1. Given the residues 258, 212, which is the only one that is of a type in the set (Lys, Arg) and modelled with pLDDT under 95?
2. Quick one: which residue in 141, 237, 199, 222 is within 20 Å of residue 3 (Cβ to Cβ), small (Gly, Ala, Ser) and surrounded by fewer than 23 Cβ atoms within 10 Å (Cβ to Cβ)?
3. Among the candidates 112, 127, 140, 120, single out the residue that is closer than 28 Å to residue 195 by Cβ, outside any helix (DSSP H, G or I) and out of contact with any strand residue (DSSP E or B) (no Cβ under 6 Å at 6 or more places or on another chain).
4. Only one residue in 256, 231 is free of Cβ contacts under 8 Å to residues at least 40 places away in the same chain and not acidic (Asp, Glu), so which one is that?
5. Going residue by residue through region 327-335, is there one that turns out to be surrounded by 12 or more Cβ atoms within 10 Å (Cβ to Cβ) and either in contact (Cβ under 8 Å) with a residue 60 or more places away in the chain or β-branched (Val, Ile, Thr) (or both)?
6. Going residue by residue through region 347-370, is there one that turns out to be more than 25 Å from the chain's Cα centre (by Cα), surrounded by fewer than 14 Cβ atoms within 10 Å (Cβ to Cβ) and within 9 Å of the ligand (Cβ to nearest atom)?
7. Filter region 115-128 down to the residues that are surrounded by fewer than 22 Cβ atoms within 10 Å (Cβ to Cβ) and closer than 12 Å to residue 160 by Cα and list them by number.
8. Tell me whether region 310-324 contains one or more residues that are within 16 Å of the ligand (Cβ to nearest atom), closer than 24 Å to residue 230 by Cβ, surrounded by 14 or more Cβ atoms within 10 Å (Cβ to Cβ) and of a type outside the set (Ser, Thr, Tyr).
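The values are calculated or read from the model by the stated rules, or taken from the named source; none is laboratory data. Since we're looking at a predicted model, the values are computed, not measured. Glycine also receives a Cβ, built like all others from the backbone with ideal geometry; neighbour counts cover every protein chain displayed.
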Amino acid sequence: MSVVKGVNAKESIDKAVAYIGGLKNLVKKGDWVIIKPDLVAEYLPYSGVTTKPEIVEVLTRLSQEAGARRITVAESAGVGSNTRVAFKNAGIDKVAQNLGVELLDLEDDQHIPVKVPNYIANEQLSISKSLLECNFLISIGVLKTHMDAGMTGSIKNIFAAITNKAKRRRHDIDILEEKLVDIVSTRKPDLNIEDGIIGQEGIASGGVGWKKPVNMNLVVVGRDPVAVDATSARIMGYDPCRISHLAWAAERRLGTYKDNEIEIIGERLEDVSRRFVRPYEEMTVDRTKLRIVAENACSGCWTKAMRVAWRDTDERMIENINIYIGPDAFPPVGQKNLILGDCLKGYSDRGTFVPGCPVKRGKVQDAYWKLKLS
Ligand code: SF4
């Protein structure tokens, strides 16, 4: 795989694809190629929220040069957003028009039931027929933190394979990472790209706030979705084995997150990395009576805590609650502590303890409210 940094996005993606052998060696003559950008909402191209049009343009051109018979740029924007407007605002409708390729709102596509091999949460899922049937699927995520999945990347980007109705189910939102792995188990992208030209840090989540763009001027490209996302995680300062959906995807042999198994051509990660503000860190800046101490915590646990605390908008009733997560957290005695996860079992007598690895959101919610109202 490759990591390329540079101020010219077109040159960077061109170079990064060439480093892994070029698209001509991957796309066969006559293939149907689907390019799936991340257009979660109707944002402008350089907001750091959506995939940059230059990246879609270069990949379309390279697919054409490789002899693709049909090229489709496909997306289903987040629930409540309009995909057609998102295509337009992101500048991708112009790219499609100029290069003569089609746009597809995946919400209009047929979805067909597929059994999930080695499933975590869903034995069966209804998946976009086009994504299942195309010969070559290119997933382009954007380098962002995310409050329900830890981060966005190639794997998170494939969430659009299911219908809005399925995305909206409350229970399923609470097990988003589990669902992401199930979806990718049914349709693994053939080429994975992380658009790190401009990303986002902090809360940066589906629909609630994108206000911290981070200019990184880099792209990550590779065949293995887990390796591309793990490398992107490292660039943002995460330990990829603590991004639960990457760990679970690796367990299911969808790829590897181990650095000794990932060969990178291009930049050295230590030269291009920068720690991104975590969603819970940004949230607790505004909520002075709530502290989330996450020390080496997995996203499977901190995202649950984050979502429960986020839904509680009544700051007046929060009485200095401290939430401890992760094997290296150290909850002191004598505080109003919520202690999450089996790795902190040894401290279960120092507050309200929620077992699980990872914890279940419903159990965190019950414990949180009990503690708050006590
Ligand atoms: S309980 Fe398990 S999933 Fe949660 S932080 Fe500890 S090791 Fe990670």
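1. 212
2. On the way: 141 fails: surrounded by fewer than 23 Cβ atoms within 10 Å (Cβ to Cβ); 199 fails: surrounded by fewer than 23 Cβ atoms within 10 Å (Cβ to Cβ); 222 fails: surrounded by fewer than 23 Cβ atoms within 10 Å (Cβ to Cβ).
Going through 141, 237, 199, 222 in turn, the sole match is 237.
3. So the residue among 112, 127, 140, 120 that is closer than 28 Å to residue 195 by Cβ, outside any helix (DSSP H, G or I) and out of contact with any strand residue (DSSP E or B) (no Cβ under 6 Å at 6 or more places or on another chain) is 120.
4. Exactly one residue qualifies, and that residue is 256.
5. No: zero hits.
6. Among the residues of region 347-370, not one is more than 25 Å from the chain's Cα centre (by Cα), surrounded by fewer than 14 Cβ atoms within 10 Å (Cβ to Cβ) and within 9 Å of the ligand (Cβ to nearest atom), which makes the answer no.
7. 126
8. no
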